[in-house]
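Nothing in this text is a laboratory measurement; each read-out follows from the coordinates by a stated rule. Treat the numbers as computed from the prediction; the structure is a model and nothing was measured. Counting neighbours? That spans all protein chains shown, and the Cβs are built from the backbone with ideal geometry, glycine included.
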Amino acid sequence: MPAVLLDQAAPKTQQENRLSQWIWRNYASCFWDDIRIDRVLPYKEARDPEDEKHIHPLQLDVIERCVEMWSTVDDVVFTPFMGVGSEVYGALRHGRKAVGVELKPSYFRQAVQNVKLADKKVDGQVSMLDMMEAPE
């Protein structure tokens with residue numbers, strides 16, 4: 001193997017599996033039939049009269065599953081279309097850091113509220129989010 005690629009090589013030792021066999025089989029399935037369609041963050045307050053009918057956040061079960069499978073604790077999860085903050089919320093709840101970008105002020109305000117909920121549920125401590133204010 002070329003020396004340049006050695007840094008990218010897989011670790012030499014087997015790491016302990018973070019997920020049980022049952023969970024891994026469900027996650028690796030080509031069909032996820034255990035997703036709860038109504039497990040979403042509050043979003044109706046962010047809706048404007050001129051919004052398209054598309055508005056509906058992604059289910060938290062899908063987000064949490066993806067966060068668990070494709071990141072590890074303390075990784076940074078980036079979402080360029082944050083909406084009401086579902087991906088940021090899911091990442092924070094699972095010990096990841098998160099960055100989200102949202103152009104629409106009403107969605108951003110709702111995302112700030114939703115992320116504050118996640119932050120309080122993680123450890124109950126005061127954080128920078130408690131000092132953050134959404135733009136008017």
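Each of Glu64, Glu102, Glu87, Glu50 was scored by other Cβ atoms within 10 Å of its Cβ. Arranged with the fewest first, they read Glu50, Glu64, Glu102, Glu87. Once the C-beta distance of Tyr27 and Val76 is scaled by a Förster radius of 30 Å, the resulting FRET efficiency is 0.90 to the nearest 0.05. Among the chymotrypsin sites (Phe, Trp or Tyr not before Pro) in segment 80-115, those located in a DSSP loop and surrounded by at most 15 other Cβ atoms within 10 Å of their own Cβ are Phe81.
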